[in-house]
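Below is one structure; the comments refer to it alone.
The values are calculated or read from the model by the stated rules, or taken from the named source; none is laboratory data. Note that the coordinates shown come from a computational prediction; the quantities given were computed from them, not determined experimentally. Ideal geometry is used to build each Cβ from the backbone, glycine not excepted, and the neighbour counts take in all protein chains shown. Note: accessible area is taken over every heavy atom of the protein model, side chains too, but ligands, DNA and RNA are not part of it. Shrake-Rupley method; radii C 1.70, N 1.55, O 1.52, S 1.80 Å.
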Amino acid sequence: MTATPPPVTVVTDRHDDVLHTHTALAAHHVPSGRITLHPGPGTTSETGLAHDLLAALGKPPLLPGGFPAGRQPAWEAATAWITALPVTRLTVLRAHRLTAHRTMRLLQLQARTGIHLTLVCHRPHLPAALHQALRTADYSVTADFEAARRHYYGTPTAEPPPADEPAAPASQWLTLPALDRFVSYDSPRPCADPCMPPPIIWRHRPPPVPLTAHTAQRVASRLHAATAHPRLAAAVVAALFTGASLQQLATARPRDYDDAAATLALHDRARYTDGCAAHPVPPWAGIFLRAAACFTACLRGSVSWTSSSERQRYRFTDLALGTDRWCLRVADMSDESSGRSRADCYSGCGVFPGQERGTGGHGRS
């Protein structure tokens, strides 16, 4: 949580001028750290607003897995991606239609991420629900269009960015040999005590071939668009630069990712595979690991019914939320209720571990 989140800006669009809406939507550009949220009509659900936020981030709104009481951690996922990308500005249109609870959710998001939050109220005055939610917030109100534009884009006003490169067709598979061991039968054991492993020394298997810049960009783009689940994306990414299996990835805890040193430690106290070792994290992968670490921290803070000892057992690459505790690992990702297998869950992200469709080739993404 940031020490001092910036003041909230409330823009009053007295006559519901289309210019305000078009300008705010034009400012939306996730790579530049700006998102514009246009909440969907017909619902006052807080989870629905989180789904709208994930969609604004360019992600599918639903997270795979089973969750306690059916509550998806959509707000935690949105918080994680906003922190990791990072996103610095959030503009919310139709803010006069927000309930007090929805507005409070946005204020909590701002307090945790430090994002610059702008609420556009298309009315001459603040409605009662919005006024009530802002009572304890530091905020300012403006009706000036140029001032509002500066808040949409930041100061100074940014020029429209060049168009992004067109993405490759999603149906085109990528050959990623590092995924050959993604589904493996090795069984490394995590370290019960704090462990500071040395850098990886490739004694028993060759290191995975680093992805080219072009391939890394395509993989990252597909993962960003294919899943909103930070741990799912991080598990696939970590497998690509470590060549590790699901079982070995599940030994990593949040403290094993060092963002400053750009390393991820995996554990194997019985030296079944590589032993305990720290793997270098390539620059393109850092966003996904930061998102997973932030997501885990958010879940810790939101689960009040688990003991401190249970919290210490959380795995960095846990994927799904169990009905009794947050403990299911990547290897337990199959959804028995829907008949979906683990491979189906990953193929939904463009990953088909261990074989190419119709062949016995490398893992695909």
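Ranking His279, His151, His51 by solvent-accessible area of protein heavy atoms (1.4 Å probe, all protein chains present), from largest to smallest, gives His151, His51, His279.
Highest mean first, the peptides 131-137, 251-257 sorted by other C-beta atoms within 10 Å per residue fall in the order 251-257, 131-137. By accessible area, using a 1.4 Å probe on protein heavy atoms only, the range 1-91 has 59% of its surface on carbon and sulfur. With both labels modelled 7 Å from their Cα along Cα-to-Cβ, the His131 to Ile201 distance reads 7.1 nm.
Taking 0.36 nm per residue of separation and subtracting the Cα-Cα distance, full extension of the segment from His22 to Arg255 would add 79.5 nm. Between Tyr257 and Ala265, the built amide H atoms are under 5 Å apart, and every one of these is 5 or more places off in sequence or on another chain.
Can you give the local net charge around Ala78? Use residues other than it whose beta-carbon is closer than 11 angstrom to its beta-carbon, Lys and Arg +1, Asp and Glu -1. Spell out each step's value before the answer.
Details: positive: Lys59, Arg105, Arg112; negative: Asp52, Glu76.
Value of the local net charge: +1.
A full extension of the chain between Thr215 and Arg300 corresponds to an added length of 27.2 nm, given 0.36 nm per residue minus the alpha carbon distance. Per-residue SASA remark: Phe241, around 30 Å² accessible (1.4 Å probe; ligands, DNA and RNA not included). Sorting 222-230, 199-207 by average packing, meaning the other beta carbons within 10 Å per residue, from highest down gives 222-230, 199-207.
What number comes out for accessible area per residue over the range 3-60 if the probe is 1.4 Å? Units Å², please. Don't jump to the answer; show the numbers that get you there.
On the way: 2570 Å² over 58 residues.
Counting only protein heavy atoms, the per-residue value for the range 3-60 is 44 Å².
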